[in-house]
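Since every read-out is calculated from the coordinates, none of them should be taken as a lab result. No experiment lies behind these values; they were computed from the predicted model shown. We place every Cβ from the backbone using ideal geometry, glycine too, and count neighbours over all the protein chains shown.
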């Protein structure tokens, strides 16, 4: 059984990634993760470490706790500026 927290995290990462037009593979590479990491995370196949959670939040410019919050309105409109 998949926990609600894992489902929420997966959905929030997908929302941010799609809002910023980034593929799963691109995000994995940008963050220095193995190629399929984000894909596995979004499909709820793996657990995430605190360090990697922080790294994803930092990349998208959101507080880490927002990635764990269900129905976070702040995530639905959050896009990052490309450098």
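Miscellaneous remarks
- For the chain, built as a Gaussian network whose Cα springs stay under 10 Å, the top-fluctuating residue of 23, 64, 49: 49
- Cβ-derived FRET efficiency at R0 22 Å, residue 58 paired with residue 26, nearest 0.05: 0.85
- Cα-based shape type of segment 4-69, given that a ≥ b ≥ c are square roots of the gyration tensor eigenvalues and the cut on a/c is 1.5: rounded
- Counted residue by residue at 0.36 nm each, then reduced by the alpha carbon distance between them, the extension gain from residue 68 to residue 14 reaches 18.2 nm.
- Every helix of 4 or more DSSP H residues in the chain counts as -39500 (n - 2.57), and over all residues that averages to -15500 deg cm²/dmol at 222 nm.
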